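> Structure incoming, see below.
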Amino acid sequence: MYSIKCDAHTHTLYSAHAYSTIEENVRAASELGLELLASTDHFSSMVVAADEDIRSYQFFTNQDIWKRVWHGVKVLRGCEVDIVSPEGYLFGMGMPMKKRITGDPFKEETDLFERTTGKLDFMIASVHGKWGLQGISKEQATRMYITVIEDPRVLMLGHLGRAGIDFELDELLKVCKELNKPVEINESSFICGEGIPEKCKEIAVRCAELGTMICVNTDAHISTDVGVFPGAINMLREIEFPEELIMNRDSESFLANYYKAGFKEIEFDK
């Protein structure tokens, strides 16, 4: 039986099309016996109408008030950032920020990306809207994904199985393995359109064959979905996926590989 004790991709009310608070998500994780939860709301045009205004992103910039151990669950602070160009640019890059949330000017001008994500533990990078990716070739898509996963702030690529972009799977998986970064197996993808569960299975099979880690996440948009992985677990059983390659089978494994991937150590207070 596969045991998955961490959920590293979840959303709160901030994501606008999600329905639970961070408190409700942490409580749900605690009740299920999860050891670690990462909150990763959308950093994207999906969330706010005024992209280039730091006031729209205070949810991210103030997360250092969250407890690191909350209802007995280790809590990580992250975001799911959109990939917005074939060159691998992420949402907020190059958007100048001149004013603080109070209206006072910043002493030094930086972009929205740095101001918003500077205090976060990690990012999941995903393709959602494809307005900046029209006509991208398979070779370009592969290079795009590799550029993104090589960013030291990005831990994993989100829901590759349903992104709808063709890329060289083995080439990307080998880079992920070299960087000690996992490939996400996204539970929400198993209830999506025709062909998507099969694509997720194909990715998982090649991860097993190449020795690339996976991270099984719910992508929960409501607290009742946090830590619930029936589609992913059934698929892993079917292909007899090696449990030692599941990064989030427990918090010890998750954090050991997280640090091995180059992320700074987190001090978990009680």
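The values are calculated or read from the model by the stated rules, or taken from the named source; none is laboratory data. From a predicted model like this one, the values you see are computed outputs, not experimental measurements. For neighbour counting, all protein chains shown are included, and Cβ atoms are generated from backbone atoms with ideal geometry for every residue, glycine included. Side chains included, ligands, DNA and RNA excluded: accessible areas come from the protein's heavy atoms. Shrake-Rupley method; radii C 1.70, N 1.55, O 1.52, S 1.80 Å.
> Does residue 73 satisfy the condition of being within 26 Å of residue 128 (Cα to Cα) and of a type in the set (A, V, I, L, M)? Write out each step before concluding.
Working: within 26 Å of residue 128 (Cα to Cα): no; of a type in the set (A, V, I, L, M): yes.
The answer is no for residue 73.
> Follow-up. Across region 185-234, what is the total count of residues that are in contact with a Ser or Thr (Cβ under 8 Å, 6 or more places away or on another chain), part of a loop (DSSP other than H, G, I, E, B) and among the small types (Gly, Ala, Ser)?
1
> Then there's this: Is at least one residue of region 37-49 at pLDDT below 95 and farther than 24 Å from residue 218 by Cα? Full working, then the answer.
Taking region 37-49 first, the residues at pLDDT below 95 are 44-49.
Next, from what is left, pick out any that are farther than 24 Å from residue 218 by Cα: 49.
Yes: region 37-49 contains one or more residues that are at pLDDT below 95 and farther than 24 Å from residue 218 by Cα.
> Are any residues in region 160-184 touching a helix residue (DSSP H, G or I) at 6+ places or on another chain (Cβ under 8 Å), closer than 21 Å to residue 123 by Cα, modelled with pLDDT under 95 and in a loop (DSSP other than H, G, I, E, B), and if so, which ones?
165
> Please go through region 93-151 and pick out each residue that is in contact with a Lys or Arg (Cβ under 8 Å, 6 or more places away or on another chain) and free of Cβ contacts under 8 Å to residues at least 40 places away in the same chain.
Once the filter is applied, which keeps residues that are in contact with a Lys or Arg (Cβ under 8 Å, 6 or more places away or on another chain) and free of Cβ contacts under 8 Å to residues at least 40 places away in the same chain, region 93-151 yields 105, 106, 109, 149.
> So residue 155 clears everything in (1) in a helix (DSSP H, G or I); (2) open to solvent by less than 10 Å² (accessible area, probe 1.4 Å); (3) within 30 Å of residue 236 (Cβ to Cβ); (4) not charged (D, E, K, R) except one condition, right? Which one?
Of (1) in a helix (DSSP H, G or I); (2) open to solvent by less than 10 Å² (accessible area, probe 1.4 Å); (3) within 30 Å of residue 236 (Cβ to Cβ); (4) not charged (D, E, K, R), only one is false for residue 155: (1).
> Out of (1) crowded, with 16+ Cβ neighbours inside 10 Å; (2) touching an Asp or Glu at 6+ places or on another chain (Cβ under 7 Å); (3) more than 20 Å from residue 216 (Cβ to Cβ), what's the single condition that is false for residue 60?
Going through (1) crowded, with 16+ Cβ neighbours inside 10 Å; (2) touching an Asp or Glu at 6+ places or on another chain (Cβ under 7 Å); (3) more than 20 Å from residue 216 (Cβ to Cβ) one by one, residue 60 breaks only (2).
> Sticking with this one: Hey, among 87, 139, 52, which residue is surrounded by fewer than 15 Cβ atoms within 10 Å (Cβ to Cβ), assigned to a loop (DSSP other than H, G, I, E, B) and modelled with pLDDT of 95 or more? Before you say what the answer is, go through the steps one by one.
Working: 139 fails: assigned to a loop (DSSP other than H, G, I, E, B); 52 fails: modelled with pLDDT of 95 or more.
Answer to the check: 87.
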